[in-house]
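Written below as structure tokens is the structure these notes are about.
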Amino acid sequence: MAAMHPGPVAYFNGKFVPVEEAKISIMTHAFNYGTGLFEGIRGYYNVEEDNILIFRLPEHVDRMMRNAKVLCMDIPEDGAAIEEICLELVKKSGFKEGVYIRPIIYKSEQSLGPTVLGVASSLCCYIIKLGDYCDTEKGLDVAVSSWRRLSDNAIPTRLKSTGSYINSSLSASEAKSAGFHEAIFLREDGTVAEGSAMNLFMVHGGKLITPPVNADILVGITRNTVIELAREALGIEVVERPIARTELYICDELFFCGTGAQVAPVRSVDRRLIGKGTTGVITKKLQDLYFNVVQGKVPEYRKWCREVY
Ligand code: PMP
């Protein structure tokens, strides 16, 4: 396999190839109808151990396999095989830095007609290097989007489907072109859902509050991680309940979380400062713990880090 080394590598049609060789036809069902399902998984380079630690790999693979049922996708690889492919991609890439692994199950048949039934699916996967996706120190200035979050009965937000990212793209672009860093989606009923590609937590009265799993959100692995760390390691109460738009303006602290976003404090919403406009105490505690956990530095949570070497 001749390619840039270290460099991005792909798994495509059952083989490991340089990314530039992993190409699909313009007639591919997923390309025409958005019928792809993907994951975004981070690997952190641990300098002391000279190893890459993949964060919560089985949880990501499990989410994708479960969600594949909704789109009636059947592939020859099982969860264990997908985990192995992810590990192998890291090794083949030769990266010794932060990486991002993107497995995709997609309707690979070249057929016409928007249906999920009887259309063959395949797995492909690629790896790239990745540093920060958004700022995690200064605090983000965000805006409530004029685009509503998709609803579970339209294009299920529970699925990390390729087609659903039109919704995210529209909200993020609107926010950025108006001079904000990020967007917050409201649902059709006006309550808060999440960011364009990240979940959201607010701190009020010492409690962490986040929208529930049936509030048209993607149920983030990082969201679940934050909930567990808050409850188990920091003894902070976590409440899952609908959040009204105006609660965002009056809360004490606000932050985004996601594989890409990690734990990213929000400084302002619609030009109203959150708290004093600096990273809040609880956000900072959770963020510090999160960064230590993903680097494999907290023995209790080392179980979430899969060593590549
Ligand atoms: N919501 C959306 C819409 C996302 O795209 C993501 C990123 N995958 C998240 C939330 C966070 O999910 P996770 O923590 O699993 O990366």
Residue that is surrounded by the fewest Cβ atoms within 10 Å (Cβ to Cβ) [pool: residues in region 35-54 that are within 16 Å of the ligand (Cβ to nearest atom) and of a type in the set (F, W, Y)]: Y44
Residue in region 225-240 that is in contact with a Cys (Cβ under 9 Å, 6 or more places away or on another chain) and of a type outside the set (D, E, K, R) present: yes
Unmet criterion (only one of (1) open to solvent by 80 Å² or more (accessible area, probe 1.4 Å); (2) within 19 Å of the chain's Cα centre (by Cα)) for N32: (2)
Residues located in region 212-239, provided they are over 17 Å from the mean Cα position of the chain (by Cα), part of a helix (DSSP H, G or I) and in contact (Cβ under 8 Å) with a residue 40 or more places away in the chain: L229, A230, A233
In region 154-186, residue nearest to the ligand (Cβ to nearest atom) [restricted to those that are part of a loop (DSSP other than H, G, I, E, B) and open to solvent by less than 10 Å² (accessible area, probe 1.4 Å)]: T157
Yes/no for I82 being within 22 Å of G43 (Cβ to Cβ), in contact with a helix residue (DSSP H, G or I) (Cβ under 6 Å, 6 or more places away or on another chain) and aliphatic (A, V, I, L, M): yes
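Being within 16 Å of the ligand (Cβ to nearest atom), aliphatic (A, V, I, L, M) and touching a Ser or Thr at 6+ places or on another chain (Cβ under 7 Å), is that true of even one residue in region 243-254?
Within region 243-254, one or more residues are within 16 Å of the ligand (Cβ to nearest atom), aliphatic (A, V, I, L, M) and touching a Ser or Thr at 6+ places or on another chain (Cβ under 7 Å).
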Strands (runs of 3 or more DSSP E) wholly inside region 87-153 containing at least 1 residues that are among the charged types (D, E, K, R) and surrounded by 18 or more Cβ atoms within 10 Å (Cβ to Cβ): 99-107, 140-148
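Condition check ((1) touching a strand residue (DSSP E or B) at 6+ places or on another chain (Cβ under 6 Å); (2) open to solvent by 20 Å² or more (accessible area, probe 1.4 Å)) across all residues:
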| site | (1), (2) |
| --- | --- |
| E188 | yes, yes |
| I209 | yes, no |
| V213 | no, yes |
| I217 | yes, no |
| T225 | no, no |
| I250 | no, yes |
| V266 | yes, no |
Hits in region 57-86 (condition: among the basic types (K, R) and surrounded by 14 or more Cβ atoms within 10 Å (Cβ to Cβ)): R63
In region 229-241, residue farthest from the ligand (Cβ to nearest atom) [restricted to those that are in contact with a strand residue (DSSP E or B) (Cβ under 9 Å, 6 or more places away or on another chain) and open to solvent by 10 Å² or more (accessible area, probe 1.4 Å)]: E237
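The values are calculated or read from the model by the stated rules, or taken from the named source; none is laboratory data. Note that the structure is a prediction, hence the values are computed from the model and not measured. Every residue, glycine among them, receives a Cβ derived from its backbone with ideal geometry; neighbour counts consider all protein chains shown. What goes into the accessible areas is simple: the full protein's heavy atoms, side chains included, and nothing from ligands, DNA or RNA. Shrake-Rupley method; radii C 1.70, N 1.55, O 1.52, S 1.80 Å.
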